[in-house]
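The values are calculated or read from the model by the stated rules, or taken from the named source; none is laboratory data. These numbers were taken from a predicted model, which means no experiment stands behind them. As a convention, Cβ positions derive from the backbone with ideal geometry for all residues, glycine included, and neighbour counts pool all protein chains shown.
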Amino acid sequence: MAINSVNYGASILSQAVSNINSQLSELQTQLTSGKKSTTYAGMGINEGFAIAARAQLSNISAFSDTMSNINTYINVANTGLQSIVDIGTTVQNGANSTSQDIKASGQTTAQLTANAQLSSMLGILNMQAGDRYLFSGSAVNTPSVADMDTILNGTTTQAGLKTVISERQQADLGTSGMGRLVVTSPTPTSVALGEDVAGSPFGMKLSAVSSTLTGATVTGPAGSPANISVNLGAGNPNDGDKISFAFTMPDGTSESIDLTASSANPPPAGSFAIGATPTATAANLNAALTTAIGNLANTTLVAASAIRAGSDFFDEPPQRVGTTPLGSATTLVAGTPANTVSWYTGNPGPTVSARASATARVDQSVTVQYGAQADEPAIRRQLQTLAVFSAVTTSPTNPNGAAQVSALSQRVAQNLAPQPGQQTIEDIQADFAAAQTSMKDATARQKQTQGMLQNMVDSAEGISPDQVASQILALQTNLQASYQTTAMLSQLSLTKYLPVG
């Protein structure tokens, strides 16, 4: 008789052992990876939320990288801007110095200092963070400004600042060296002071006249071109009577000439002699006024002309004297890239704000602007002031040299001081600070959101190590019991059930 083994029971036990081993393997994978499964199908019904959360976490990571880069750009730019502020202070202090000793080079110590500081400022404006030029607007691959030698001296075909200053000075002084003003005597007892050409942008402009000359009739400025008339009439002024003429200089500043009637012989500086007759007195006033205007033209006007030439050169487009001969020119024309150096080589960008030349999204609903341009008003104003101070030279033997440099130094110091209603370097830094504040706030919000999203992902995909370890321990116990049962069953035979005879 055939005896069959208990294959059914063994089959069930074998399947149970296989199932336990499979569960153990899965639990050990979970314990190692910390995840419920290595496939989406094994994650459960909440995996859809986890996928969406991970996408948001990826966006937050990208925003964080963007903000890190922007903060680097802003920090480097701020360092440069602070150095520019320090440069301005250094040159301003030098310009305020009372020393006007002109060296053999034709410049004062303050001007030589400005020359070195100009080189530093141009280097700062061409600085990079990584591969990005920080002061070129959206033209991040292009230096923002031309080199110092090109700006000051030009090229073989392009005029630099020194040429523009020289041309403007000749146009402002005029052929007579009188600042484009003419002193005449229409009648034996009168003196007239007038501009040479109506509407000309060059020279000194008459702005006012005031008089305490006894018996004199003073009119103007009036007419086209503007004219001032002083008629002494039938009598002489008294000793100490005064007349003052006010002028507007090419750079917009105001200057005046005060002349006092004097009976002293010779008359002191700043006065005119009272003659024996009104005719003689008028002749003396004419001569004194002519001399005073000539002195003003060859000192203060030269400085004011240089400042205005700086504005012309750094304008967009640059402005040049329109015709020759320069001393009788009456118009300005726009310079072209072919004949005049373009000092700013970056991208002009938006007209509203240079900050808008570089923008980035740092949150779903937050965009920051962090662009900067070397042609912004505050940067340009300081740059052109330093450039003019560096460009002007005068001979140590020029009798008007010290007065010219003194007048220029006063204007440089004034122009480097903050001007009401005009942009300052600190305003640019404040814009950067506002951008960094926006990014700081965005980072704080994103960290909170990141924590909640990560909890959602962990809840949907993660496991409890303690719970999995307990499950593994229980399965190992079951597996051991199964192995023991299987071993016992494998030792069963019919002889164990037959009586021993």
**Request:** For residues that are closer than 30 Å to N298 by Cβ and free of Cβ contacts under 8 Å to residues at least 24 places away in the same chain, scanning just the range 315-357, find the one that is surrounded by the most Cβ atoms within 10 Å (Cβ to Cβ).
**Result:** Q319
**Request:** Sort out which residues of the range 60-106 are at pLDDT below 90, surrounded by 15 or more Cβ atoms within 10 Å (Cβ to Cβ) and under 29 Å from A435 (Cβ atoms), and write them in order of number.
**Result:** I60, F63, S64, T66, M67
**Prompt:** What is the one condition in (1) part of a helix (DSSP H, G or I); (2) charged (D, E, K, R); (3) touching a residue at least 12 places away in the same chain (Cβ under 8 Å) that D86 does not satisfy?
**Reply:** (3)
**Prompt:** Only one of these conditions is not met by A306: (1) over 22 Å from L173 (Cα atoms); (2) not assigned by TED's automatic domain parsing to the domain that holds G194. Which number is it?
**Reply:** (1)
**Prompt:** In this structure, does T189 turn out to be among the polar types (S, T, N, Q) and in contact (Cβ under 8 Å) with a residue 60 or more places away in the chain?
**Reply:** yes
**Prompt:** Are any of the residues in the range 253-262 within 32 Å of the chain's Cα centre (by Cα), aliphatic (A, V, I, L, M) and either loosely packed, with under 15 Cβ neighbours inside 10 Å or in the same structural domain as D196 (by TED's automatic domain parsing) (or both)?
**Reply:** no
**Item:** Failed condition for V140, given (1) more than 21 Å from Q382 (Cβ to Cβ); (2) part of a helix (DSSP H, G or I)
**Value:** (2)
**Request:** Looking only at the range 375-386, decide whether some residue is part of a strand (DSSP E or B) and in contact with a strand residue (DSSP E or B) (Cβ under 9 Å, 6 or more places away or on another chain).
**Result:** no
**Request:** Starting from residues that are more than 30 Å from S200 (Cβ to Cβ) and of a type in the set (A, V, I, L, M), keep the ones in the range 135-181 and report whichever is nearest to the chain's Cα centre (by Cα).
**Result:** V145
**Prompt:** Going by the structure shown, is I293 in contact with a strand residue (DSSP E or B) (Cβ under 7 Å, 6 or more places away or on another chain) and surrounded by 15 or more Cβ atoms within 10 Å (Cβ to Cβ)?
**Reply:** yes
**Prompt:** Is there any pair with a first residue in the range 135-154 that is free of Cβ contacts under 8 Å to residues at least 40 places away in the same chain and a second that is surrounded by fewer than 19 Cβ atoms within 10 Å (Cβ to Cβ) and assigned to a helix (DSSP H, G or I) whose Cβ atoms are under 8 Å apart and which are 6 or more apart or on different chains, and what are they?
**Reply:** M148/S119
**Message:** Residues to consider are T108, T72; find the one that is assigned by TED's automatic domain parsing to the domain that holds Q448, over 22 Å from the mean Cα position of the chain (by Cα) and not small (G, A, S).
**Reply:** T108
**Fill in**
G252 fails exactly one of (1) in contact with a Lys or Arg (Cβ under 9 Å, 6 or more places away or on another chain); (2) on the phi > 0 side of the Ramachandran plot; (3) outside any loop (DSSP other than H, G, I, E, B); (4) not hydrophobic (A, V, I, L, M, F, W, C), namely (3)
**Request:** Please find, within the range 181-208, the residue that is surrounded by the most Cβ atoms within 10 Å (Cβ to Cβ) out of those that are β-branched (V, I, T) and touching a Gly at 6+ places or on another chain (Cβ under 8 Å).
**Result:** T189
**Request:** Just name the residue that is surrounded by the most Cβ atoms within 10 Å (Cβ to Cβ) out of those in the range 209-234 that are hydrophobic (A, V, I, L, M, F, W, C) and within 44 Å of the chain's Cα centre (by Cα).
**Result:** V209
**Request:** Tally the residues that are in a loop (DSSP other than H, G, I, E, B) and within 11 Å of L232 (Cβ to Cβ), restricting the search to the range 264-279.
**Result:** 3
**Complete:** Subset of the range 355-382, residues more than 11 Å from A442 (Cα to Cα) and over 11 Å from the mean Cα position of the chain (by Cα), comes to A356, S357, A358, T359, A360, Q369
**Fill in**
Exception for P266 within (1) surrounded by fewer than 19 Cβ atoms within 10 Å (Cβ to Cβ); (2) modelled with pLDDT of 95 or more falls at (2)
